[in-house]
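Encoded as C-alpha cells, here's the structure I'll be asking about.
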Amino acid sequence: MKTCAIIGSQWGDEGKGKITDYLSAKSDVVVRFQGGNNAGHTIIVEDKKIVLHLIPSGILHKNTVSIIGHGVVFDPIAFLEEIKDVEKAGINLTPENLKISENTSIITSYHKLLDSLREKKGPVKIGTTGKGIGPCYEDKSARMAIQLKDLKDLDILKEKLSRSFKEKEVLFQNLYNETNYPTIEQEANQLFELGKSILPFIEDTFSYLNKAYDDKKNILLEGAQGALLDIDYGTYPFVTSSNTTFGGIYTGAFIPPSGIDEVVGITKAYTTRVGEGPFPTELFDDVGEAIQTKGHEFGATTGRKRRCGWLDLPLLKYTIKTSKLTSIALTKVDVLAGQSELKICDYYEFQGKKIECSYPGLDLSKVKPHFKSFKTFNDNFEVDNYIPSDDLKQFLDYIEIQTKTPLSIIAYGPERSQVIIKKEFFNN
Ligand code: IMP
C-alpha cells in the first residue's frame with residue numbers, strides 16, 4: 001500500500017495530467033482535494049486528446065475509483081458537460097467509479113458573474129479563469145456556501161441561496177450596474193434540476209477514504225493548479241483561492257500528513273504562467289516565443305497564451321519546502337531541444353542579498369534573477385528506449401544536485417509512452 005500526492009510545483013500547467021494518468025493506472029483510488037474546473041488536465045490516449053477539468057484522472061482506468069473531495073468547488077453545469085465528453089471517449093461513469101463528497105461547495109451563476117465583473121471592472125485584475133472559483137470559496141469561508149447535499153431539497157436551496165444573494169445583489173446593482181442575473185427562484189430551480197443527475201454520485205467520501213486508507217489501498221492525491229498559486233504560500237494576490245500545496249490534501253479530502261508516503265512535484269523544464277503577477281525569469285524575446293510555440297503553451301481551460309521563462313531554482317526550492325516534495329517529475333524536456341539558448345535561474349539578487357530559495361514575503365517583482373547557461377541539446381526523442389544525451393544529462397543533473405531532490409520521472413512528449421520512470425511508486 002502507498003499514498004502518493006501529485007503537486008504542481010510552479011504556476012500550474014506543468015503537465016500533471018500525463019503523470020497523474022500514469023500513476024492512476026496503478027492506484028485503487030484517485031482523489032481531487034482542491035480547486036474546481038479552473039484546472040485542465042490534458043491526457044493523450046491513442047491519438048485522442050481528453051481534457052479533464054473536474055473529474056479525477058483515475059476515471060480513465062477501469063479498476064480505479066475517482067473521488068472529488070469536500071475541498072473542491074463544484075460547478076454542476078460544467079460537471080455534466082464534462083461527463084458527456086468523457087462518455088464520448090468511451091468511458092462509463094457510474095456511482096461505483098466516481099464519488100463526490102456531499103460537502104463540496106457549489107459554484108452558482110452568481111459566483112461566475114461576480115468573477116467576471118471583478119475581472120472587468122473590479123479594483124484588482126488577477127486574470128482569473130472566470131469560472132467563479134474565488135467567489136465560491138469566499139462564500140464557503142463566509143459560511144454561506146451551497147453544498148452538494150443541499151441540491152436534494154428545493155426549499156433548503158432557496159433559503160441558503162437567499163442568504164448570500166442579499167449581499168451580492170447590492171454589488172451587482174450598485175457597484176457594477178449589472179441587472180442580468182437569475183432570480184433566486186430561477187437559480188434554485190436550475191440547481192435542483194441539475195442535482196437530479198449528480199446526486200447518484202454523492203458519497204460520504206471521508207469515511208470511504210478512511211476505509212481505503214485502513215484497507216491499505218494505493219491512494220493517489222491529484223493536485224490542481226500549482227504551489228505558487230496557493231492562497232497562503234503563493235504569489236498573493238495573484239493566486240487561486242485554495243491550498244494547492246501539500247496542506248490542501250488534509251483539509252480538502254482527508255489522509256493525514258503523516259500518512260503520505262511520496263509527494264511528487266510536477267515541474268516543467270522551463271516555467272510558464274497565465275494571468276497576472278510577477279514572473280522573475282519571464283522571457284520577452286524570440287526564445288520565449290519559440291518555447292511558447294513549440295510547447296503549445298495555451299491554457300487548457302481558457303485558451304490563453306501562457307507567458308514563458310526559464311526554470312527558476314529559488315522558486316522550485318521554495319515549493320520543495322512548502323509541499324515537502326520527495327521527488328520531482330520533470331516534464332516537457334523535449335520542448336527545450338534545439339532552442340538557441342538554455343538557462344536556469346540559479347539565484348536572485350534582492351536588496352544587495354543573494355537569495356537561493358524564495359519565501360512568502362519576498363517581492364518577486366523586485367528581484368534580479370541570475371542565470372546559469374547550459375550547452376543546448378538536440379536529442380531525437382522518437383527512438384525506442386530513448387536515453388538522454390550527455391548534454392541534456394548535464395542540465396538534469398544540475399537540477400537534482402541544486403535542489404537535493406531526485407528526478408523520479410522525466411517526460412519528453414505528450415504520449416503516455418514518452419516517459420522515463422526512474423522510480424516505481426506503487427508496488428502492485
Ligand atoms: P482562478 O483560479 O480562476 O480564480 O484564477 C486565479 C489565478 O490562477 C489566475 O492567474 C489563473 O490564471 C490561475 N489559474 C487557475 N487555474 C489554473 C490552472 O489550472 N493552470 C494555470 N493557472 C491557473
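Evaluate the distance, in nm, between pseudo-label points positioned 7 Å from the Cα of Thr179 and of Thr302 along their respective Cα→Cβ axes.
3.0 nm
Percent relative contact order of region 105-198, based on C-alpha pairs within less than 8 angstrom and at least six residues apart?
With pairs under 8 Å counted, the relative contact order is 30 percent.
Using the basic label-point model (7 angstrom from Cα toward the beta carbon), what is the Glu424 to Glu400 distance in nanometres?
My value for the distance between the label points is 2.0 nm.
Ok, one more. May I ask you to compute the full-extension gain from Lys125 to Phe206, defined as 0.36 nm times their residue separation minus their alpha-carbon distance, rounded to one decimal in nm?
Taking 0.36 nm per residue and subtracting the Cα distance, the gain is 25.6 nm.
Considering Cα pairs under 8 angstrom that are at least six residues apart, work out the relative contact order of the chain and quote it in whole percent.
Worked out over the chain, it gives 21 percent.
Based on Cβ point charges of +1 for Lys and Arg and -1 for Asp and Glu, what charge dipole magnitude is obtained for the chain about its Cα centre, in debye rounded to the nearest 20?
In debye, rounded to 20, the chain gives about 600.
Expressed as an acute angle from 0 to 90° and rounded to the nearest 10, what is the orientation of the C-alpha long axis of helix 184-198 relative to the principal long axis of the chain?
Taking Cα atoms only, the helix is inclined about 60 degrees.
Angle check, please: helix 205-214 long axis (alpha carbons) against the longest principal axis of the chain (alpha carbons), in degrees 0 to 90, nearest 10.
Relative to the chain, helix 205-214 is tipped by roughly 50 degrees.
Around Leu191, with a cut-off of 15 angstrom between Cβ atoms, what is the net charge of the other residues, counting Lys and Arg +1 and Asp and Glu -1?
Charge balance in the 15 Å sphere: -3.
Working out 0.36 nm times the residue gap between Thr376 and Glu81, then minus their Cα-Cα distance, what length gain in nm do you get to one decimal?
Result for the pair: 101.9 nm of gain on full extension.
Now for a different question. Can you compute the FRET efficiency between Ile387 and Glu169 using 1/(1 + (r/R0)^6), with r the Cβ-Cβ distance and R0 = 41 Å? Round to the nearest 0.05.
About 0.10, to the nearest 0.05.
Also, I was wondering about something else. Modelling each spin label as a point 7 Å along the Cα-to-Cβ direction, I'd like the Glu356/Ile44 distance in nm, to one decimal.
Each label point lies 7 Å from its Cα, and together they span 3.8 nm.
Within region 1-86, list the GluC sites (Glu not before Pro) lying in a DSSP loop whose Cβ has at most 10 other Cβ atoms in a 10 Å radius.
Of the GluC sites (Glu not before Pro), the ones in loops of region 1-86 whose Cβ has at most 10 other Cβ atoms within 10 Å are Glu46.
Order of 315-322, 56-63 by packing, highest average Cβ count within 10 Å first?
315-322, 56-63
Give the residue from Tyr398, Ile146, Pro200 lying farthest towards the positive end of the charge dipole for the chain; charges sit on Cβ (+1 for Lys and Arg, -1 for Asp and Glu) and the dipole is referred to the Cα centre.
Tyr398
Answer rounded, prolate or oblate for region 1-104, using the Cα gyration tensor with square roots of eigenvalues a ≥ b ≥ c: rounded when a/c is under 1.5, else prolate when a/b is larger than b/c, else oblate.
In terms of gyration-tensor shape, rounded.
Assign unit charges at the C-beta atoms only (+1 for Lys and Arg, -1 for Asp and Glu), then state the dipole size of region 105-198 relative to its Cα centre in Debye, rounded to the nearest 20.
300 debye
With an 8 Å cut-off on Cα pairs and a minimum separation of 6 or more residues, tell me the relative contact order of region 206-334 in percent.
Across region 206-334, relative contact order equals 27 percent.
Further question: Sort 418-427, 228-237, 212-221, 382-391 by packing, meaning the average of other beta carbons within 10 Å per residue, with the highest value first.
Packing proxy ranking, top to bottom: 228-237, 212-221, 418-427, 382-391.
Does region 267-421 come out rounded, prolate or oblate by the C-alpha gyration tensor, with a ≥ b ≥ c the root eigenvalues, rounded set by a/c under 1.5 and, if not, prolate when a/b is larger than b/c and oblate if not?
The shape class here is prolate.
Treating the beta-carbon of each Lys and Arg as +1 and of each Asp and Glu as -1, no other charges, what is the dipole magnitude of region 267-421 about its Cα centre, to the nearest 20 debye?
Here region 267-421 has a charge dipole of around 700 debye.
Going by amide H atoms built from the backbone, whose H comes under 5 Å of the H on Arg306, apart from near neighbours?
Counting only residues 5 or more places away or on other chains, the set is Phe298, Gly299.
In nm, what is the difference between 0.36 nm times the number of residues separating Asp215 and Ser340 and their Cα-Cα distance?
Between Asp215 and Ser340, full extension yields 39.8 nm more.
Provide the net charge surrounding Thr20, with neighbours chosen by a C-beta distance below 13 Å and charges set as Lys +1, Arg +1, Asp -1, Glu -1.
Local net charge: +2.
Ok, one more. Helix 390-403 versus the longest principal axis of the chain: what is the Cα-based angle in degrees, 0 to 90, to the nearest 10?
60 degrees
Which lysines have a Cα less than 18 Å from the Cα of Lys217, not counting those fewer than 8 places away in the same chain?
Lys2, Lys26, Lys62, Lys99
Can you tell me the order of 101-110, 161-170 when each peptide is scored by its average per-residue count of other Cβ atoms within 10 angstrom, highest first?
Final packing ranking: 101-110, 161-170.
Also: For the chain, modelled as a GNM with alpha-carbon contacts under 10 angstrom, which of Thr245, Thr94, Thr271 fluctuates the most?
Its mean-square fluctuation being the largest, the pick is Thr94.
Each reported figure results from applying straightforward, stated rules to the coordinates on display, with no laboratory input. Remember, predicted model here, so these are calculated numbers, not experimental data. Note that we place each Cβ from the backbone using ideal geometry, even for glycine, and neighbour counts take in every protein chain shown.
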